[in-house]
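The values are calculated or read from the model by the stated rules, or taken from the named source; none is laboratory data. Only a predicted model underlies this, so the values are computations on that prediction, with no experimental measurement involved. So basically every Cβ, Gly included, is an ideal-geometry build from the backbone, and we count neighbours across all protein chains shown. With ligands, DNA and RNA removed, areas are computed over all heavy atoms of the protein, side chains included. Shrake-Rupley method; radii C 1.70, N 1.55, O 1.52, S 1.80 Å.
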Amino acid sequence: MGGKVCKVIIDNGSWENTISEEAVTKLGLKKMKHSSPYNMRWFKSDKVSRVKFRCLVSFSIGNKFFDEVECDVVDMDVSHLILGRPWQCDRHAVHDGRKHTYTVMKNGQKFVLNPLNMGELPNLSSGEPSGTTSLVSCKQFMVDATEGGVYFLLLAEQKEEHDLPKEVLELLQNFSDVFPRELPSVLPPMRDVQHRIDLVPGASLPNRPAYRMSPNEYEELNQQVQELLDKGFIRPSLSPCAVPVLLTPKKDGSWRMCVDSRAINKITIKYRFPIPRLDDMLDNLAGAVVFSKIDLKNGYHQLRIRPGDEWKTAFKTRDGL
């Protein structure tokens, strides 16, 4: 609220939406006289408070759900904002008791609100951090930073190669082919494992038309197809079966080209590979103290199609196969 991270409670037992006087004062919110002032007393408390003012509160939960609610201004310290029955009725709120989530509707769009650990949130009254330390990714930090508040960032920079220990440099040099900055513009070598596509015998081959696209989407699709052609990952086809492609937006605003292979999947023989049991996999990690992670760039482009199956992967655009 107001660029500050505050505590909020969604309370099924509250018949009013309330905001604390402290939050109203610190955030500089405008108060209005209550049309029907009333007395309020907290459960098992002798203190009676007179509710005289109301306030229109704009708030956000996460970086996607934005809302505003009219609240009674109350002298309370249990939370900065309590969303009671009126707000829940307006937003068609549904509580999942097992997951501790709320599903709400706003402008015809569904949002799922997840709970937060209260110990990880800052204290609005003290202005001091909670003392909880957590490591976050750069993307998550940028999301959190847009929601306001004060943040202290410890940035760990990757050392230049000449600053790395000798043993690490030798390891990187020995496996330089595993960590290229860009994939080579040629198909990978044929290895022991290729991707097989076995179709159901006698099945009718699909030939789907290309999807309709806006001029901007069509230009983006042509650009991505041309890049794949230049790298040699795809080639013009005369395949008797083809499926369309479409563009889906990424989180960073760019586009991902997706092949709609559902028609091919329906006539593909399904193989029943055994899936490892999760507890068995965890047992194999017993005693391990060092873990590594590798992020493959365009990993599927590094697996060749079995010779003779290439025609089964054909896709169609407005310019052909």
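With the Cα gyration tensor of the stretch 170-252 giving a ≥ b ≥ c as the square roots of its eigenvalues, does the rule (a/c under 1.5 for rounded; else a/b larger than b/c for prolate; else oblate) give rounded, prolate or oblate? It comes out oblate by the Cα gyration axes.
The accessible surface of the stretch 249-294, taken with every protein chain in place and a 1.4 Å probe, is 60 percent carbon and sulfur. Shape call for the stretch 1-70 from the C-alpha gyration tensor, a ≥ b ≥ c root eigenvalues: rounded (a/c under 1.5), prolate (a/b greater than b/c) or oblate? It comes out prolate by the Cα gyration axes.
Using the average count of surrounding beta-carbon atoms within 10 Å as a protection proxy, the listed peptides 103-112, 76-85 rank, highest first, as 76-85, 103-112.
Summing Cβ point charges (Lys, Arg +1; Asp, Glu -1) relative to the Cα centre of the stretch 1-87 gives a dipole of roughly 160 debye.
Look at the alpha carbon pairs under 8 Å that are at least 6 residues apart: their mean separation over the length of the stretch 26-80 gives a relative contact order of 30 percent.
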